[in-house]
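Structure, as structure tokens:
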Amino acid sequence: MTTLYYDPVLDVHHRLPVSLAMTTAYYAMPQHPKDARRLFDAACAAMGLDREIETTLNPSRNYGSALVMAKEWGLDDIVERVSAAVDASFEPTWDTTRGEFTWGMGLVEPHPRGQFNAFLAAAEAAGPGRWTALSAAPLAPCPQIVDVDFPNVALTRAEWHGETLLLTMDPLEPDPNAWTEFRIVGVEPRRWSANGIEGATTDVQSNSVVVRLPRVAGNLEFTPSSD
């Protein structure tokens, strides 16, 4: 058994099966990593994640939590097993009409289950030390893309490679005669060039770069000028 919470006033001790220690381990990790690791290892054994996963997974937030922590600690064998089981069990789906990626979880519900999807989405962004760093201090200022005309336009990729920003534009209804724009804030106020979609322009302002381009699908590269 594991403890979900204890109320000393009411003397209520809420105990759960060991597999549910995956939940408490997730929240304990940034503050008490050694205790969290013990809870994680016990939950992995109870859930069968420390060996080959041979059955279809039941819908649960625990698998997203497990992936976040396995990536945090660099446990590649567990990441590989759980990721493969999640892909096979939880119906990863692109909704091209809405520009959304979700997991149906096999629940046949009109809307994807919120908590289950939230933990799996967190696992997609997880990596070594990231959950601990996020909890330890505010994030350092970094460039951001704002004022995107969503859902008319979605960005299915936004990634820095050195000083080059790589974007993939995915409009809901492409129209080369319509225009859209967004801003990149937090970058140096110098000249930037936009390449990949004909007609794309940049307007450097004091605190941002305004990007204007036709509402079409395609890849964009933003590169700062050398002068």
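The values are calculated or read from the model by the stated rules, or taken from the named source; none is laboratory data. Keep in mind the model is a prediction, meaning the values are calculated, not measured. Neighbour counts run over all protein chains shown; Cβ positions are idealised from the backbone, glycine included. Protein only, heavy atoms only, side chains kept; ligands, DNA and RNA dropped before computing areas. Shrake-Rupley method; radii C 1.70, N 1.55, O 1.52, S 1.80 Å.
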Principal-axis tilt of helix 76-89 within the chain, Cα atoms, nearest 10 degrees: 80
Integer Hz, Karplus 6.51/-1.76/1.60 couplings in order for segment 116-123, x for Gly and Pro: 4, 5, 4, 6, 5, 5, 4, 5
Measuring from the longest principal axis of the C-alpha atoms of the chain, the long axis of helix 62-72 (C-alpha) lies at a number of degrees, nearest 10, equal to 70
Across bins of 10 angstrom width beginning at 0, how are the C-alpha pair distances of segment 60-195 distributed, in whole percent? 10, 30, 33, 23, 5, 0
Please list, in chain and number order, the residues 5+ apart from Val153 or on another chain whose amide H is under 5 Å from its amide H, with Hs placed from the backbone. Leu172
Amide H contacts under 5 Å for Trp179, placed H, 5+ residues apart: Arg215
Which whole-Hz ³J(HN,Hα) couplings does segment 191-201 yield from phi under the Karplus relation 6.51 cos²θ - 1.76 cosθ + 1.60, θ = phi - 60°, glycine and proline marked x? 5, 10, 10, 10, 10, x, 10, 4, x, 5, 10
Using all C-alpha to C-alpha distances in the chain, build P(r) with 5 Å bins and read off the rounded percent in each one. 1, 6, 11, 13, 13, 12, 12, 11, 8, 6, 4, 2, 1, 0
Where the chain is the region considered: accessible area per residue in Å², 1.4 Å probe: 59
Cβ neighbours within 10 Å, averaged per peptide: list 28-40, 201-213 in order, most packed at the top. 28-40, 201-213
Segment 132-143 - phi-based ³J(HN,Hα) in whole Hz, Karplus 6.51/-1.76/1.60, Gly and Pro as x: 5, 5, 5, 8, 7, 6, x, 5, 5, x, 8, x
Quick one: which residues, 5 or more positions from Met105 or on another chain, have an amide H under 5 Å from its amide H? H modelled 1.01 Å from N in the peptide plane, none for Pro or chain starts. Glu91
Among 85-91, 62-68, what's the highest-first ranking by average C-beta atoms within 10 angstrom per residue? 62-68, 85-91
Net charge near Gly99, counting Lys/Arg +1 and Asp/Glu -1 over other residues with Cβ under 12 Å of its Cβ? -4
Ignoring ligands, DNA and RNA, what percent of the accessible area of segment 1-95 is carbon or sulfur (1.4 Å)? 52
